[in-house]
Amino acid sequence: MAARVAAYHVSMYDVHAGYYDHATSAFNWLRRQTVSRLGLRPGSTVIDAGCGTGLCFPFLEEAIGPDGRVIAVEPCEPMLDKALSTARRRGWGNITPVRSCAEEAAIPDGADAALFCAVHDLLRSERGLRNVLRRVAPGGRVVASGGRWAPGPLAVLNPLVMATHSPYVSSFEGFDRPWSLLARYCDLHVETVAFGTGFVASGRLRAPVAAAAS
């Protein structure tokens, strides 16, 4: 079942790769805010889990500088190709691509931080989260952001939330608290944004994360 969901997710992004940047450019303010919560320093190594077309790269590069490293994990070939093309054009030679779903990715060890930006399906994958987080040093910063169901009276906005996110998620399971699985491993501070229709969850790993059982 998980394999079928992953394959469907990749095929969705194959379709959207050509216009994803334009369609989601209005959320660049959230990408910048998300990266800022990582507290990166020059020379840091960060995992961009589900990097897509590399829309967080400019903010990551600004923080880590040329001596830092971005490990870019992305299963969708057209999306990753676009990200790497942008990196070459901008002269960012410190991007390490990992063309794989997070559940199976061979990610180098020793990252200082992990970023999960607009990757709801990955945030609902225990196996994927564990495989990313176990590559982060104990105490490393972890930040996630994306859409969520607006709570309470703001729920009138949820038809718009569904229309905005349905092209990019395979399931809305857990969309009320997308960070709930991540909270098993991190002490999170959760900020709601955009009238409750979005979130930024930031914190640190409590302890080393073991590999998920196969």
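Worth pointing out:
- Stretchable slack from Ser171 to Asp67, in nm (0.36 nm times residue separation minus alpha-carbon distance): 33.6 nm
- Extension gain for Arg89-Met162 works out to 22.8 nm (0.36 nm per residue, less the C-alpha to C-alpha distance).
- Of all accessible heavy-atom area on region 164-214, the percent that carbon and sulfur account for (1.4 Å): 53
- Theoretical gain in end-to-end length, Phe195 to Glu126 [0.36 nm per residue, Cα-Cα removed]: 22.0 nm
- Computed from the alpha carbon atoms alone, the convex hull of region 90-214 holds 130 Å³ per residue.
- Arg141 - accessible surface, heavy atoms, 1.4 Å probe, Å² rounded to 10: 50
- Average 1/r across all pairs of distinct alpha carbons in region 134-206, invert it, and you get the Kirkwood radius: 13.1 Å.
- Spin-label model, Ala155/Ala137: points 7 Å from Cα along the beta carbon direction are separated by 4.5 nm.
- Within the listed set Ala137, Ala106, Ala194, the residue fluctuating most in the Gaussian network model of the chain (springs between alpha-carbon atoms under 10 angstrom) is Ala194.
- Per-peptide average of other Cβ atoms within 10 Å, ordering 177-190, 38-51 highest first: 38-51, 177-190
- Looking at region 87-199 alone, DSSP beta bridges between its own residues are antiparallel in about 40 percent of cases.
- For region 89-154, fraction of C-alpha pairs farther apart than 18 Å, in %: 48
- In units of the rule-of-thumb radius 2.2 N^0.38 Å, the chain shows an alpha carbon radius of gyration of 0.94.
- DSSP beta bridge pairing in the chain, given as percent antiparallel to the nearest 5: 45
- Whole-number percent relative contact order across region 55-214, with pairs defined as alpha carbons under 8 Å at least 6 apart: 21
- Placing a pseudo-label 7 Å from each Cα along the Cα-to-Cβ vector at Asp109 and Arg184 gives an inter-label distance of 2.3 nm.
The values are calculated or read from the model by the stated rules, or taken from the named source; none is laboratory data. Bear in mind that the values here come from a model prediction, so they are computed numbers and not experimental data. Please note: Cβ atoms are built from the backbone with ideal geometry, for glycine as well, and neighbour counts cover all protein chains shown. Calculation scope for accessible area: heavy atoms of the full protein, side chains included, ligands and nucleic acids excluded. Shrake-Rupley method; radii C 1.70, N 1.55, O 1.52, S 1.80 Å.
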